[in-house]
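Coordinate-derived values only; no laboratory data. Fair warning: this is a prediction, and the values are worked out from it, not measured in the lab. Cβ placement follows ideal geometry from the backbone for every residue including glycine, while neighbour counts extend to all protein chains displayed.
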Amino acid sequence: MNLKKVYAIYFSPTGTTEKAVMACAEGTGLPYEKIDLTLLKDRQSFHRSFKKNELVMVGLPVYGGRLPGNLDDFFSGGKGNDTPAVALVIYGNRDYDDALIELKIRLEGRGFHVIAGAAFIGQHTFGKNIAKGRPDTRDLEIAKDFGKKTLNAIEKATPGKLMVKGNYPYIARGFNPAARGPLLANVNIITMESCTHCGLCAENCPWGAIDLNDFEVINSSKCFLCSRCIKNCPVSAKKTKSDEKTLAFMQEFEKRFSVIHKEPELFLPQ
C-alpha cells in the first residue's frame with residue numbers, strides 16, 4: 001500500500017498524549033497533519049472522512065483503566081474507509097487495563113482498520129512524582145521507531161490479526177465523574193482569590209465543566225480532574241482540594257507508583 005499522508009489525532013488535556021502521538025507520526029517519515037480534538041468546540045466541529053491510502057494515528061489518555069467517558073464526539077466526527085489506523089493510549093504508570101482494546105474497538109466501529117497499537121507512559125495527573133517527566137526522551141525515541149515499524153508492516157502487507165492487551169467485555173470500570181467512588185467524591189478543583197477572571201480556564205476546559213460566566217463554578221459531574229485548568233492558569237489560581245482521607249490515599253498511591261518504571265508496550269500484526 002502506498003500511503004500518502006499521516007493524520008495524528010489526539011485528545012490531550014495537559015499535552016502528554018500529544019507528545020507520544022506526534023513522535024509516532026514523525027517516525028513514519030511521511031508528511032503528517034495533527035488534529036487536536038482536546039477542546040469541546042473542536043470535537044463538535046470536526047468532520048472528516050479518511051481514505052484508504054492515508055494512515056490515522058489516534059491517541060487518548062487512560063482514566064481508571066479505560067478511555068475517558070463522554071467523548072462520543074471525539075469519534076463521531078471521523079469516518080474511515082478501511083483506512084489503516086494506529087491505536088495509542090497513554091497511562092500514568094499504574095496500568096492501562098482495557099483502554100487499548102476499547103480504542104481499537106471504537107475505531108473499528110468507525111470504519112478504520114487498526115493495524116498497530118501501543119501504550120505509552122505519561123506523568124500521572126494526581127502525582128507529580130509518578131512517571132515524572134514522561135514520556136521522556138527515550139520514550140519518544142521508542143515512539144518514533146514504532147512509527148517506522150508500523151509503516152514497514154503496512155508497506156510489506158504483513159499478514160496476521162492484531163492482538164492487543166485487554167478484556168472484552170471490559171473488566172475495568174474507568175472513571176465516571178458523575179458517579180465518583182467514595183475516595184474521589186471529595187476531590188474538587190477550587191479557585192483562589194488570585195483569579196483575574198481572564199476566562200482561559202472555561203474557554204479551554206475539555207469537558208465544558210467550568211461556567212463561562214462564573215469561572216469559580218465547576219460542574220463536578222463533568223469534571224475529569226484532568227488538571228488542564230491548573231496547569232494552564234497564568235496566575236496559578238486553580239488547585240485541587242480534598243479531604244484528609246483522600247489526601248492520605250493519594251500520598252500512598254504516589255509513594256507506591258513513583259518507584260515503578262514501566263516500559264512502553266507495542267503491538268504489531270503477528
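Brief remarks follow.
- Of all residues making up the range 114-139, the number that are touching an Asp or Glu at 6+ places or on another chain (Cβ under 9 Å) and under 13 Å from M22 (Cα atoms): 2
- Between V89, V114, the distinction of being β-branched (V, I, T), assigned to a strand (DSSP E or B) and more than 20 Å from N53 (Cα to Cα) belongs to V89 only.
- Residue within the range 27-50 that is part of a helix (DSSP H, G or I), crowded, with 21+ Cβ neighbours inside 10 Å and in contact (Cβ under 8 Å) with a residue 60 or more places away in the chain present: yes
- Residue under evaluation N152, criteria (1) surrounded by 15 or more Cβ atoms within 10 Å (Cβ to Cβ); (2) over 18 Å from the mean Cα position of the chain (by Cα); (3) closer than 23 Å to G27 by Cβ, criterion not met: (1)
- Residue within the range 176-199 that is in contact (Cβ under 8 Å) with a residue 40 or more places away in the chain and closer than 30 Å to A116 by Cβ present: yes
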